[in-house]
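A.B. asks: Here it is: the structure, laid out below.
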């Protein structure tokens, strides 16, 4: 298996960690949110399929616009082309958009929130992150933090 960068080049959910290099820090809160949604949507699915269809998925979810999604309902989103028909995941994206907005109010930027987690041991930072977001377990939280360059 060749070395690659998380999350966009990563194709295996449980691969040898040394082969998957940390992702680059996103340039905006919007990018952080998009990667969070990617982690939710690919959970339990074929990662290659999700990535191959990402432009359609992104369009279906209104470009992962945090403000817009925070006001949506799962019923409305599930009717859109490009949206995976999994109500739990769609609802999680909506709830997480709302949580993202709370974080932006509290910390100013999502990057500042992640910096606040660095006061904790890695194991506790992962647990804290997983607790804050819906449909994010500890494995997914660790993968997300790896994907956004939390551990450079």
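Throughout, read-outs are computed from the coordinates displayed, never taken from laboratory work. This one's a predicted model, so the numbers in the text were calculated from it and none came from an experiment. In this analysis, Cβ positions are derived from the backbone assuming ideal geometry, glycine residues included, and neighbour counts consider all displayed protein chains.
A.B. asks: Treat the stretch 57-107 as a sphere of radius equal to its Kirkwood radius over Cα pairs and apply Stokes-Einstein at 10 °C in a medium of 1.306 mPa s; give the translational diffusion coefficient in µm²/s, rounded to a whole number. Mind dumping the intermediate values first?
C.D. replies: Numbers: Rh = 10.9 Å.
The estimated diffusion coefficient comes to 146 µm²/s.
A.B. asks: At 7 Å along Cα-to-Cβ for each site, give me the label-to-label distance between residue 25 and residue 106 in nm.
C.D. replies: 2.1 nm
A.B. asks: Let me ask another. Sort 50-57, 92-99, 135-142 for me by packing, meaning the mean count of neighbouring Cβ atoms within 10 Å per residue, highest on top. Don't skip to the answer; put the middle values down first.
C.D. replies: Working: 50-57: 14.2, 92-99: 19.5, 135-142: 17.6.
Descending mean neighbour count gives 92-99, 135-142, 50-57.
A.B. asks: Using a cut-off of under 18 Å, list every residue of the stretch 31-45 whose amide N is near the label point 7 Å from the Cα of residue 152 along the Cα-to-beta-carbon line.
C.D. replies: In the stretch 31-45, the label zone of residue 152 (backbone N under 18 Å from the point 7 Å along Cα→Cβ) covers 31-32.
A.B. asks: Over all directions, what mean area does the Cα convex hull of the stretch 25-147 project, stated in square nanometres? It would help to have the intermediate numbers written out before the result.
C.D. replies: Details: hull surface 28.1 nm².
Result: 7.0 nm².
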